[in-house]
Amino acid sequence: MSDLILPDYRVQTDAVRNRFARIKKRPVTMEVKGVSKYFSSKHGTITALKDINLTIHKREFVCVIGPSGCGKSTLIRIMAGLEQASEGEVRLDGKAVDKPGPERGMVFQGYTLFPWLSVKQNIMFGLRESGYNKGSAEAEARQWIELIGLSRFENSYPHQLSGGMKQRVAIARALANKPKVLLMDEPFGALDAQTRSKMQSHLMEIWKNIDVTVFFITHDLDEAIYLADRILVLKSNPGEVQEIIEVPIPQPRHPDQFLTAEFLATKKHLEQLIHPANQDDDEDHLNLIRMVPVNDDVGSVF
Amino acid sequence: MSLFSVNKPLNPRSRKTVTICSFILPILLWCVVSYVPFIWHPMVEITQPGSVSYFRENMLVDKVLFKTESINAAEKGTELPAGIPANPVYLPAPHEVVKAFYASFTTPPTRSSELWLHESLWSSLQVIFYGFLLSSIIGIPLGILAGTYDFFSRLFEPFIEFFRYLPAPAFGALAVAILGIYQAPKIAIIFIGTFFQQVLIVANTTRKLDPALLEAGQTLGAGNRSMLFRIVLPGILPDLYRDTRILLGWAWTYLIVAELIGTSSGITWFITQQARYKNFDNVFAAIIIIGILGLTIDLLLAWLGRRFFPWQNTN
Ligand SMILES: Nc1ncnc2c1ncn2[C@@H]1O[C@H](COP(=O)(O)OP(=O)(O)OP(=O)(O)O)[C@@H](O)[C@H]1O
Ligand SMILES: [Mg+2]
């Protein structure tokens, strides 16, 4: 990649620039204001997040990347209301968030479908909680099942589904509540590459057609660039905002764009942010590996 | 496939064979010890007392004693005693137990005051049933509350933790003093024996529910009530069922204590009585009936469990 001459990732075409201008005029859906989170343990206090600020506009798609342990999950859990911020606050439509609620749907990496409920009943769960009667909840759930293409499985239990199918059900279950924000914590992390790219297209399709704002954690740079309007890059120790990147690729997205100059430029920049050049530690390890004696018939693989 | 692969199920045919073997092998062992004369058989059953004055027909005497007396008789030139090798009275042969098993259901008890085997059994089953039911009705809800809410956990568990170390039999006399001498104190002993364990075990099972499911429920808008009834309860149900099955097995062990207090009755009393009369074939018959009954109940519960919980892919 380094041999290619790539444009600056900040260079935007008019179409892209206009789009971002329009996004910024939309109402603010979620606001993260000065959020810090400390965990106290036996060995002292860990600062998981330090002064995070972020404004997400209506129907925006924001991805979060950062090294492992930089506090991505902690941030999304605070936004979901599953965890309390030590400092600062999260606002949804101007109101401070203090506990979990159906207007902030959440999709976890581990699916978390209710194993004792069928696909249909899983999707009906939130609807029933919000006061739908059984009949209308069922009708509504059926529509969602059709939308995610699992009509044949509506009475199957989760253990009978593949990982990708489970995650589709989990997404439908969260969206059935008509949330304002869909929070997703590495939802496709456990899927194989092929299923993963199918799920990405699927999610894009859903997002295009449904009035929902998406906040999406991933550790896959391609995924982040492909899906996001903006990418929040966090760094660790403590978890801080390193940069917020506007992805210079026009919407609607298409898998062909994976090889465009803008895409590669953005990816190169992200690579540099996440894996800085000075990696002496790893070099040392590699040197050690070279000292391990090799006893094989081939001699050299080159 | 090999018969010994770690943590891999056997193929259905060998599984069936091995299961059958698990019963056949002990029975075979029993038959061998009972019917092959030169294996064990430390006694001699007298068939012909000969000149030994204190030998009687059908009497069991020690092998060594029999030999000494035979040598004595031979030296004196008097009539030799005769006998066949036999096992001690406490190890009846399989066919004797089968006969007793059959007789226990067909011939009335020797004394009119005694109960038939099936009557004793029925009385035992009732004691277990009521004791266990009572314990479950109170214990399971308390356990679930303690497992769900830290408040109830702190409120109940320390005391129960203390109480469960008090042996249930110690309450026998107290139970009789308070509840009279008939079934009630026996039920109380079963209750005391299971209840405290039950609360703790159910609380633990409840706590083991995947917290991610609770969080998923919260983000789907479930309120406190729904969390308890629509997530915690169905979520732990299969494990709760399994716990209950295991605890029911424990209840059976407390039966032995329970039936020896107040007016003695039930299957364990039957066994004690028969042992006293040295009718060990009856003792074995009764023990085997308990085994069959316990196993049947457990298999039935296991089968029902698979019906109840179709979302479980294993067990
Ligand atoms: N409940 C907790 N108690 C103590 N420390 C915690 C707790 N939760 C998270 N942490 C710490 O906070 C930091 C951030 O954790 P977090 O799970 O948010 O990271 P992450 O970015 O999601 O990592 P990954 O990419 O591996 O999922 C870590 O150092 C972790 O050890
Ligand atoms: Mg995480």
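The values are calculated or read from the model by the stated rules, or taken from the named source; none is laboratory data. These figures come from a predicted structure and were not determined experimentally. Quick reminder, even Gly has a Cβ in these numbers, built from the backbone with ideal geometry, and neighbours come from all protein chains shown. What goes into the accessible areas is simple: the full protein's heavy atoms, side chains included, and nothing from ligands, DNA or RNA. Shrake-Rupley method; radii C 1.70, N 1.55, O 1.52, S 1.80 Å.
Among the residues of the stretch B:195-203, none qualifies, meaning not one is of a type outside the set (K, R), over 27 Å from the mean Cα position of the chain (by Cα) and open to solvent by less than 70 Å² (accessible area, probe 1.4 Å). When A:R152 is tested against (1) in contact with a helix residue (DSSP H, G or I) (Cβ under 9 Å, 6 or more places away or on another chain); (2) loosely packed, with under 14 Cβ neighbours inside 10 Å; (3) outside the structural domain of A:I231 (by TED's automatic domain parsing), just one condition goes unmet, and that condition is (1).
A:S118 fulfils the conditions (1) open to solvent by less than 30 Å² (accessible area, probe 1.4 Å); (2) within 16 Å of ligand 1 (Cβ to nearest atom) except for a single criterion, (2). Within the stretch B:126-165, the residues that satisfy the criterion of being free of Cβ contacts under 8 Å to residues at least 24 places away in the same chain and either touching a Gly at 6+ places or on another chain (Cβ under 9 Å) or exposed (fewer than 12 other Cβ atoms within 10 Å of the Cβ) (or both) are B:I137, B:D150, B:F151, B:R154, B:P158, B:F159, B:F162, B:Y165.
Among the residues of the stretch A:164-200, just one is within 16 Å of ligand 1 (Cβ to nearest atom), part of a loop (DSSP other than H, G, I, E, B) and closer than 26 Å to A:S130 by Cβ, namely A:P187. Scanning the stretch B:274-291 turns up no residue that is within 11 Å of chain A (Cβ to nearest Cβ) and among the polar types (S, T, N, Q).
Scanning the stretch A:121-138 for residues that are away from chain B (no Cβ under 11 Å) and either farther than 20 Å from A:G105 by Cα or crowded, with 20+ Cβ neighbours inside 10 Å (or both) gives A:N133, A:K134, A:G135, A:S136, A:A137. The residues of the stretch A:182-207 that are more than 16 Å from ligand 2 (Cβ to nearest atom) and at pLDDT 95 or above amount to a single one, A:L182.
Restricted to the stretch A:14-46, and to residues there that are of a type in the set (G, A, S) and surrounded by fewer than 16 Cβ atoms within 10 Å (Cβ to Cβ), the residue that is farthest from ligand 1 (Cβ to nearest atom) is A:A15. The strands (runs of 3 or more DSSP E) located wholly in the stretch A:1-111 that include 2 or more residues which are at pLDDT 90 or above and within 16 Å of ligand 2 (Cβ to nearest atom) occupy A:28-41, A:44-57, A:61-65, A:104-107.
Against the conditions (1) over 35 Å from the mean Cα position of the chain (by Cα); (2) surrounded by 12 or more Cβ atoms within 10 Å (Cβ to Cβ); (3) of a type in the set (V, I, T), where does B:V98 fall short? Just the number, please. Looking at each condition in turn, B:V98 falls short on (1). Selection of the stretch B:205-250 for residues being within 10 Å of chain A (Cβ to nearest Cβ) and small (G, A, S) yields B:A212, B:A216, B:G217, B:G221, B:A222, B:G223, B:S226, B:G235. Checking the stretch A:223-241 against the condition returns a match, with at least one residue being among the aromatic types (F, W, Y), open to solvent by less than 20 Å² (accessible area, probe 1.4 Å) and either on the phi < 0 side of the Ramachandran plot or within 16 Å of ligand 2 (Cβ to nearest atom) (or both).
Output yes when any residue across the stretch A:161-174 is at pLDDT 90 or above, of a type in the set (S, T, Y) and open to solvent by 50 Å² or more (accessible area, probe 1.4 Å), and no when none is. Within the stretch A:161-174, one or more residues are at pLDDT 90 or above, of a type in the set (S, T, Y) and open to solvent by 50 Å² or more (accessible area, probe 1.4 Å). Based on what the data block shows, is B:S14 loosely packed, with under 10 Cβ neighbours inside 10 Å and out of contact with any Lys or Arg (no Cβ under 6 Å at 6 or more places or on another chain)? No; evaluated as a whole, the condition is false for this residue. Residues in the stretch A:47-96 that are away from ligand 1 (no atom under 12 Å from the Cβ), more than 23 Å from A:K25 (Cα to Cα) and either open to solvent by less than 50 Å² (accessible area, probe 1.4 Å) or within 14 Å of chain B (Cβ to nearest Cβ) (or both): A:A80, A:G81, A:A85, A:G88.
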